[in-house]
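Colleague: Below: one structure in structure tokens.
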Amino acid sequence: MPTINEALHMVETIRKRSNEREFPAQLHSVFLQIAAKEGEMSQKAIAEKLGMSASSVSRCVGWLGPRNKLRRRSGLGWIKSFKDDNSTDWREKKWRLTLKGRQIIQEALGEELPPPKYTPKPYNRTHEMREAILSL
């Protein structure tokens, strides 16, 4: 179990790397939950595990991911959604860390993470926009 000083270091590292004046506890919880369950967390599972509403989780993953709807600007790009090929619900999205998100977790923990179950790609907003345009 981490000491209070280690926990404070982790929380402050994540907050400072966000370049946000405020970084609510819910964002920390969602980010750390996704990091703990790499590639296996749907929004519904996150909400159930953390005891949060579906709308709160949706706002958090948007802020941590591609789009911060509260501030009407780009999100942090720390997480990315993907479709699980084994899911029976075509609407269900799961979330995983991006390369940037993994780097922040490693910095906050002060140690290397085990290799991901997938190959993370560098966060590239232009690439995401191109994919969105092509999918229209």
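The values are calculated or read from the model by the stated rules, or taken from the named source; none is laboratory data. Everything quoted here is computed from the prediction, not taken from an experiment. Note that we place each Cβ from the backbone using ideal geometry, even for glycine, and neighbour counts take in every protein chain shown.
Colleague: Where residues in the range 76-106 are small (G, A, S) and either more than 17 Å from K16 (Cα to Cα) or modelled with pLDDT under 90 (or both), which of them is nearest to the chain's Cα centre (by Cα)?
Modeller: S81
Colleague: Based on what the data block shows, is F31 of a type in the set (F, W, Y) and out of contact with any helix residue (DSSP H, G or I) (no Cβ under 7 Å at 6 or more places or on another chain)?
Modeller: No.
Colleague: Do we have R96 as in contact with a Pro (Cβ under 9 Å, 6 or more places away or on another chain) and over 17 Å from A108 (Cα atoms) here?
Modeller: Against the criterion (in contact with a Pro (Cβ under 9 Å, 6 or more places away or on another chain) and over 17 Å from A108 (Cα atoms)), R96 qualifies.
Colleague: Now a separate question. Using the structure shown, decide if N68 is loosely packed, with under 15 Cβ neighbours inside 10 Å and either within 21 Å of L113 (Cα to Cα) or more than 11 Å from the chain's Cα centre (by Cα) (or both).
Modeller: It is false that N68 is loosely packed, with under 15 Cβ neighbours inside 10 Å and either within 21 Å of L113 (Cα to Cα) or more than 11 Å from the chain's Cα centre (by Cα) (or both).
Colleague: Please count how many residues of the range 29-56 are exposed (fewer than 14 other Cβ atoms within 10 Å of the Cβ) and farther than 19 Å from K83 by Cβ.
Modeller: The number of residues fulfilling the criteria is 5.
Colleague: Moving to a separate point now. Identify all residues within the range 9-45 that are more than 17 Å from G75 (Cβ to Cβ) and in contact with a His (Cβ under 8 Å, 6 or more places away or on another chain); write none if there are none.
Modeller: V11
Colleague: Then there's this: Considering each residue of the range 12-28, count those that are part of a helix (DSSP H, G or I), free of Cβ contacts under 8 Å to residues at least 24 places away in the same chain and surrounded by 15 or more Cβ atoms within 10 Å (Cβ to Cβ), and give that number.
Modeller: The number of residues fulfilling the criteria is 2.
Colleague: Taking the stated definitions as given, is M1 touching a helix residue (DSSP H, G or I) at 6+ places or on another chain (Cβ under 8 Å) and among the aliphatic types (A, V, I, L, M)?
Modeller: no
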